[in-house]
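Presented below is the structure to which this report refers.
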Amino acid sequence: MLLLNITELQKRFVDPEGKSTCVVDVPRFSIQAGQEVALRGSSGSGKTTFLHLISGILSADSGRITLDGIEMTTLSSSDRDRLRATKIGTIFQTFNLLQGYTCLENVLLGMSFGPGPDRGRARQLLERMGLANRMDYYPRQLSVGQQQRVAVARALANRPKLVLADEPTGNLDTVHAAAALRLVREICREESTALLWVSHDPTMLSQFDERLDFHELNRACAVSGIAL
């Protein structure tokens with residue numbers, strides 16, 4: 001079943017001098033429910049902007065993004081926020097954890113924007129991430145790898161239809177990166193959640209059967225001469 005369908009998606013930015021630059025120009029892209037896709041991309045290629053358009057953080061200048069049968073490009077900013085909270089989980093390279101809240105509270109806060117806090121599921125996910133003894137710790141008290149696992153638990157907490165992972169293992173060593181990927185894929189498969197994993201790391205990309213090159217998807221890369 002088709003989960004995400006994108007057609008003729010464009011996004012431009014204007015610099016301080018008034019020059020308009022097309023950063024994303026993707027004619028077609030789609031993901032099936034439960035599908036796992038790795039997207040190769042490097043800094044400056046527009047792939048983070050692409051993910052922000054899919055998640056509704058940014059609004060497109062033109063084109064269509066349909067997620068789970070809902071046309072996102074016609075929604076207001078607040079409606080896109082609600083859609084993202086219930087259907088999309090995002091894992092950022094920088095984690096974006098709230099430093100004044102514990103691990104458990106970070107996950108529960110993420111849930112509050114969706115169906116509502118579920119302490120049992122939050123604890124279960126953190127236990128799956130190997131953080132059973134760290135739930136009441138603050139991010140500053142955790143290793144980088146542990147912080148990343150909290151971010152993964154938060155992204156999966158609302159049982160999203162789609163998980164977007166933007167260089168999520170960029171700050172981890174090879175062993176911890178591989179473990180994080182295994183955990184994400186394991187839970188996504190259990191819940192039939194689609195996964196779009198963006199990376200420039202050949203080791204991570206090689207774990208996926210389906211790999212795409214953002215340079216080939218994005219016509220703006222060819223115009224600007226960006227190489228991945």
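Residues that are closer than 12 Å to I6 by Cα and crowded, with 17+ Cβ neighbours inside 10 Å were ranked within the range 69-97; the one that is modelled with the lowest pLDDT is T73.
In the range 179-199, the condition of being surrounded by fewer than 17 Cβ atoms within 10 Å (Cβ to Cβ) and under 18 Å from R84 (Cβ atoms) is met by at least one residue.
Going residue by residue through the range 100-113, is there one that turns out to be over 26 Å from D68 (Cβ atoms), out of contact with any Lys or Arg (no Cβ under 6 Å at 6 or more places or on another chain), modelled with pLDDT under 90 and hydrophobic (A, V, I, L, M, F, W, C)? No, every residue in the range 100-113 fails to be over 26 Å from D68 (Cβ atoms), out of contact with any Lys or Arg (no Cβ under 6 Å at 6 or more places or on another chain), modelled with pLDDT under 90 and hydrophobic (A, V, I, L, M, F, W, C). All conditions in (1) in contact with a Gly (Cβ under 6 Å, 6 or more places away or on another chain); (2) within 22 Å of L195 (Cβ to Cβ) hold for Q10, with the sole exception of (2).
Just one residue in the set R154, R84 is within 19 Å of Q32 (Cα to Cα), among the basic types (K, R), part of a helix (DSSP H, G or I) and under 19 Å from the mean Cα position of the chain (by Cα); that residue is R84.
Okay, residues lined up against (1) at pLDDT 95 or above; (2) farther than 21 Å from E127 by Cβ; (3) in contact with a strand residue (DSSP E or B) (Cβ under 7 Å, 6 or more places away or on another chain); (4) not β-branched (V, I, T):
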{"position": "L181", "(1), (2), (3), (4)": "no, no, no, yes"}
{"position": "T203", "(1), (2), (3), (4)": "no, yes, no, no"}
{"position": "D209", "(1), (2), (3), (4)": "no, yes, no, yes"}
{"position": "L228", "(1), (2), (3), (4)": "no, yes, yes, yes"}
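So is N171 surrounded by fewer than 17 Cβ atoms within 10 Å (Cβ to Cβ) and not acidic (D, E) or not? Yes; evaluated as a whole, the condition is true for this residue. When R149, R140, R123 are checked against the criterion of being buried (at least 17 other Cβ atoms within 10 Å of the Cβ) and either assigned to a loop (DSSP other than H, G, I, E, B) or touching a residue at least 24 places away in the same chain (Cβ under 8 Å) (or both), R149 stands alone in meeting it.
The values are calculated or read from the model by the stated rules, or taken from the named source; none is laboratory data. Given the structure is predicted, the values throughout are model-derived calculations rather than measurements. Here Cβ is always computed from backbone atoms with ideal geometry, including for glycine, and neighbour counts include all displayed protein chains.
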